[in-house]
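Worksheet: one structure, shown below.
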Number of protein chains: 2
Amino acid sequence: MVSPKTRYLVFFQYSGTKYSGVMETSADQSGLGVQNYLEKAAQNLKPVVPIKFNISSRTDSGVHALCNSAHLDIQRAPGKAAFQERQLIRSLNHYLRPEPIRILSAHRVTNDFHARFSALSRTYIYRLLVGCTHHSEVPVFERDLCWAPAGGYLNVPAMQDAARFLLGTHDFSTFRSLNSETPFQSPVRTILQADIQPSSGLLSHHYEYRGLEFWELKFKSRSFLYRQVRRMVGALVAVGQGKLTPHHIKELLEMKDARAFPPYAMAPPSGLFLESVEY
Amino acid sequence: MVSPKTRYLVFFQYSGTKYSGVMETSADQSGLGVQNYLEKAAQNLKPVVPIKFNISSRTDSGVHALCNSAHLDIQRAPGKAAFQERQLIRSLNHYLRPEPIRILSAHRVTNDFHARFSALSRTYIYRLLVGCTHHSEVPVFERDLCWAPAGGYLNVPAMQDAARFLLGTHDFSTFRSLNSETPFQSPVRTILQADIQPSSGLLSHHYEYRGLEFWELKFKSRSFLYRQVRRMVGALVAVGQGKLTPHHIKELLEMKDARAFPPYAMAPPSGLFLESVEY
């Protein structure tokens, strides 16, 4: 007798600093992915077949998620009832406890639901710390969780002007890094939101006297190209530093060539957070 | 020829999670203190005599500092000029780089200046995360940096009423933990400030939809007794949870007995930050 499988959509959070990224890595690779830990925790549920997490949104090494998502199927021994959502969350979080990974919620879904392909959009935020003259001025509590670009303050209105060129549907070839999927993927994406807003840090009101400011860049799209957000952020920061003009962003888009992107300009992973996946 | 020594006051920041506290530990103790790392970094300055940090304010294992202070004397080889303040900061931060410890500033002071005894007051803040029903709901980025008391929301106005009883000069015997210094220390302290204010977390605006709120308790005094802040916070949280009334705080003070303190009520170290030392 084969017991039926139950599909769940789970939302989860992680600090990406110590992982090779969200995706599972094989034993011969140096660092482990968040998925390795999720699946290891899920084995404690004693499923009939090993549980596989189908991650909705890839994030690179050092990139964080306030909320990523995945679907998984659980097939229990005959006669055992399907896990309740609350039970699943508590149990997975129990086994994940030593890791900076946490299940936020779980939802039973139909068997044709796919975490990656059913997603309507993804929202990323990028945290900038402005006002540091040297990297050692980054508060220790904010290390690995923001980017403090060198060179003092940023011209935020110019960055906001530049961000408007990224909105809407464009060929983003200049704003992607090349990888094995490049030949098979359309470079056209539609940016639904590209905002730059003041933000807060952990205890940031205690840093104001030192002139430190937090800013948050927010990007929403159905999907993004490989490293697109880090390239867009880096180019906008270059505008804020006066190295590029807002109009250069338009010109970079029109070049449609990854090699046209200023090589110094890609933002580091530490400031990037997947904020949400919308269904 | 003996070269003159130069005394500096340094302000420094650290995340206390992985240290046994700020004070130096000897080789036979299990964890190292922040001071061990400061002194190890300072040895790279090649002083004629080993550099000793005289820490102004003790903090326990797991307690953080936005800003602690210490004085130190540097005696260089004959003919070598005294370090400039900026040079000292940069150099120490270079050697401290792998650690979550950072020198914020350095100031040349006279040889009779003492970081501990010259301090006029200390300010501590305690970060509470309110709205979690289970510890696994604490955002991974806030772990070790706040306390999420069990049992939902807190009656903040009652806590504010209770905090007023702590203000001013009192015998705080009930609010200290006993240690080897207890017999030699007066239990009388003067609390200059005891505030409870809304606060922010790292990306806390992204948590509002889940009902998570950050609150910050702030205490200022010339000095504090052993674990006094954690005991005062724990008692105020018990008031916020309805386990004690504001008037119980007054009664606890009047008992003048450490054993009268509710044993469940001491707040954990993770939420405590030394915010500043004033001279």
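Worth a mention:
- Residue exposure sequence - B:Asp171, A:Asp257, B:Asp28 - by fewest surrounding Cβ within 10 Å: B:Asp28, A:Asp257, B:Asp171
- If you count Lys pairs in chain B whose Cα atoms are under 23 Å apart, skipping same-chain pairs closer than 8 places in sequence, the total is 16.
- Additional length obtainable on full extension of the chain from B:Ser3 to B:Arg222, 0.36 nm per residue less Cα span: 75.3 nm
- Each residue in A:Tyr95, A:Tyr8, A:Tyr124, B:Tyr207 was given a count of other beta-carbon atoms within 10 angstrom of its own, and listing them fewest first yields A:Tyr95, B:Tyr207, A:Tyr8, A:Tyr124.
- If you run the Gaussian network model on chain A, springs between alpha carbon atoms under 10 Å, then out of A:Met255, A:Met23, A:Met159 the most flexible one is A:Met255.
- GNM result for chain A, Cα springs below 10 Å: residue of A:Asp195, A:Asp161, A:Asp112 fluctuating most strongly: A:Asp112
- In nm, spacing of pseudo-spin labels at A:Leu167 and A:Tyr95 (7 Å Cα→C-beta vector): 4.6 nm
- Along the range A:110-126 the Karplus relation, 6.51 cos²θ - 1.76 cosθ + 1.60 evaluated at θ = phi - 60°, assigns HN-Hα couplings of 6, 6, 9, 6, 10, 4, 7, 7, 7, 5, 8, 6, 10, 10, 10, 10, 10 Hz to successive residues, with x for each Gly and Pro.
- Pseudo-label separations to other copies for A:Pro262 - Cα-to-Cβ vector, 7 Å, nm: 5.8
- Length added when fully stretched, B:Asn155-B:Phe184, from 0.36 nm per residue minus Cα-Cα: 6.7 nm
- Averaging the Cα positions of each part gives two centres, and for the range A:29-84 and the range B:48-70 these lie 43 Å apart.
- Label spacing, shortest first and in nm, from B:His134 to its equivalents in the remaining copies (7 angstrom along Cα→Cβ): 4.6
- Principal-axis analysis of the Cα atoms of chain A puts helix A:34-43 at an angle of about 10° to the longest axis.
- Crossing angle, helix A:85-96 versus chain A [Cα axis fit, 0-90 degrees, rounded to tens]: 70 degrees
- Antiparallel DSSP beta bridges within the range B:5-109, as percent of all bridges there, nearest 5: 100 percent
- From largest to smallest, the equivalent ellipsoid semi-axes obtained for the protein assembly as shown from the alpha-carbon gyration tensor read 44, 33, 22 Å.
- Net charge in the neighbourhood of A:Lys80 (other residues with Cβ under 14 Å of its Cβ; Lys, Arg +1, Asp, Glu -1) is +3.
- 0 to 90° range, to nearest 10: angle between helix A:156-166 axis and chain A longest Cα axis: 60 degrees
- Label point distance in nm, A:Gln84-B:Ser177, each placed 7 Å from Cα along Cα→Cβ: 3.8 nm
- Most mobile of B:Leu202, B:Leu253, B:Leu32 in a GNM of chain B (Cα contacts under 10 Å): B:Leu202
- Ascending list, in nanometres, of distances separating the A:Thr110 label from those of the other copies (7 Å, Cα toward Cβ): 8.2
- FRET efficiency, 1/(1 + (r/R0)^6) with R0 30 Å, evaluated for B:Phe117 and B:Ala260 via beta carbons: 0.45
- Spin-label model distance (nm) - A:Thr25 vs B:Arg210, 7 Å beyond Cα toward Cβ: 2.6 nm
- DSSP beta bridges confined to chain A are antiparallel in about 95 percent of cases.
- Reducing the range A:128-181 and the range A:238-279 to their Cα centroids gives an inter-centroid distance of 7 Å.
- Taking the number of Cβ atoms within 10 Å of each Cβ as an exposure proxy, the fewest-first ranking of B:Phe12, A:Phe113, B:Phe83 is A:Phe113, B:Phe83, B:Phe12.
Each value in this text was obtained by applying a stated rule to the coordinates, not by laboratory testing. This is a predicted model, so every value here is computed, not measured. A quick note on method: Cβ atoms are made from the backbone with ideal geometry, for glycine too, and the neighbour counts reach across all protein chains shown.
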